[in-house]
1. Which of the residues that make up segment 200-213 are buried (at least 16 other Cβ atoms within 10 Å of the Cβ) and either under 25 Å from the mean Cα position of the chain (by Cα) or among the β-branched types (Val, Ile, Thr) (or both)?
2. Only one of these conditions is not met by residue 12: (1) under 9 Å from the mean Cα position of the chain (by Cα); (2) under 18 Å from residue 193 (Cβ atoms); (3) open to solvent by 20 Å² or more (accessible area, probe 1.4 Å). Which number is it?
3. Keeping to segment 227-241, report how many residues are touching a Ser or Thr at 6+ places or on another chain (Cβ under 9 Å) and surrounded by fewer than 16 Cβ atoms within 10 Å (Cβ to Cβ).
4. Being touching a residue at least 60 places away in the same chain (Cβ under 8 Å), open to solvent by less than 20 Å² (accessible area, probe 1.4 Å) and farther than 27 Å from residue 246 by Cβ is the requirement here; does residue 34 meet it?
5. Could you identify the single residue in 47, 52 that is closer than 16 Å to residue 104 by Cα, touching a Ser or Thr at 6+ places or on another chain (Cβ under 9 Å) and open to solvent by 10 Å² or more (accessible area, probe 1.4 Å)?
6. Looking at 217, 224, which is the one that is open to solvent by 10 Å² or more (accessible area, probe 1.4 Å), part of a strand (DSSP E or B), touching a residue at least 12 places away in the same chain (Cβ under 8 Å) and hydrophobic (A, V, I, L, M, F, W, C)?
7. Scan segment 68-94 and report the pairs whose first residue is surrounded by fewer than 15 Cβ atoms within 10 Å (Cβ to Cβ) and whose second residue is of a type in the set (Val, Ile, Thr) and modelled with pLDDT of 85 or more, with Cβ atoms within less than 8 Å and a gap of 6+ or a chain change.
Amino acid sequence: MAHIIAVAGKGGVGKTTTCGLIIEALTRREKGPLLVVDADANSNLNEVLGVEVETTLGDIREEMARAELMKVSPIPSGMTKQEYAEYKFNSALIEEDDFDMLVMGRTQGKGCYCYVNGVLKAQIDKYVDHYAYMVIDNEAGLEHISRGTLPHVDTLLLISDCSRRGIQAVARIAEMVEDLELKPGTMQLIVNRAPNGELNEGVREEIEKHGLKLLGVLPQDENVYEADCEGKPSAKVPEDSPVKVALNAVMDKLNL
């Protein structure tokens, strides 16, 4: 079974960018085969990685729902509805040179989110034994983990910005992990966008107050900002960029 790395944190703290940098570091270290899962309904991990997404699990669900509503069957002769659904959902797997990628996406129909959660779980269960690592970018919070969408998580990385409120937000996620008895192999904190890569003492006190295990601090990096402004994949900033240097130290601590 794959070593599963799940990334969680509230919106706006650079969670997806950090996830993309972790994926890029794993591929650079030749840790494949690697499956990337964008489990955030507001999908944009592909942009961080520079991957074009033609279809998502949500898109396929919508397409099938519209066909059913219009009473127009897209199912080829000789194929059952279940076989057709499996065929379509298999087509959502994106195969890149360094990793494969699966994007959950979102749906428009009422109540469809739970359905796509179920589809995502089925796809993950099917693929998990075929990869050395699986990296999952969760939506803000722990929806997928708490619902059992994901298998057992080996490494849970909580991402926060360098504010007290950000630390308080991930502390609530950590409490939820304990309350739900999810028991990840390890759960550690990465603080993102710290000026000069240094933590303010007030923020450090907040981390200690909540008993969070600090894995590393990533600096605010103009290279990431400029890449985002220019529409370039931020995970592909130069190797000597401050954020990549700091992230490599984080990966070394994790033995990844």
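1. 203, 207, 212
2. (1) is the only condition that residue 12 fails.
3. At the first step, the residues of segment 227-241 found to be touching a Ser or Thr at 6+ places or on another chain (Cβ under 9 Å) are 227-228, 234-235.
If we keep only those that are surrounded by fewer than 16 Cβ atoms within 10 Å (Cβ to Cβ) too, we end up with 228.
Residues meeting the conditions: 1.
4. Details: touching a residue at least 60 places away in the same chain (Cβ under 8 Å): yes; open to solvent by less than 20 Å² (accessible area, probe 1.4 Å): yes; farther than 27 Å from residue 246 by Cβ: no.
The answer is no for residue 34.
5. Values: 52 fails: touching a Ser or Thr at 6+ places or on another chain (Cβ under 9 Å).
Just a single option satisfies the conditions, and that option is 47.
6. Answer to the selection: 217.
7. Pairs found: 91/55; 91/60.
Here's the yes/no breakdown for (1) open to solvent by 30 Å² or more (accessible area, probe 1.4 Å); (2) modelled with pLDDT of 95 or more; (3) under 13 Å from the mean Cα position of the chain (by Cα):
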position: 134; (1), (2), (3): no, yes, yes
position: 140; (1), (2), (3): yes, no, yes
position: 143; (1), (2), (3): yes, no, yes
position: 147; (1), (2), (3): yes, no, no
position: 157; (1), (2), (3): no, yes, yes
position: 160; (1), (2), (3): no, yes, no
position: 176; (1), (2), (3): yes, no, no
position: 183; (1), (2), (3): yes, no, no
position: 188; (1), (2), (3): no, yes, no
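The values are calculated or read from the model by the stated rules, or taken from the named source; none is laboratory data. Being a predicted model, the structure only gives us computed values, none of them experimental. Cβ atoms come from the backbone with ideal geometry, glycine included; neighbour counts cover every protein chain shown. SASA here: full protein model, heavy atoms, side chains in, ligands and nucleic acids out. Shrake-Rupley method; radii C 1.70, N 1.55, O 1.52, S 1.80 Å.
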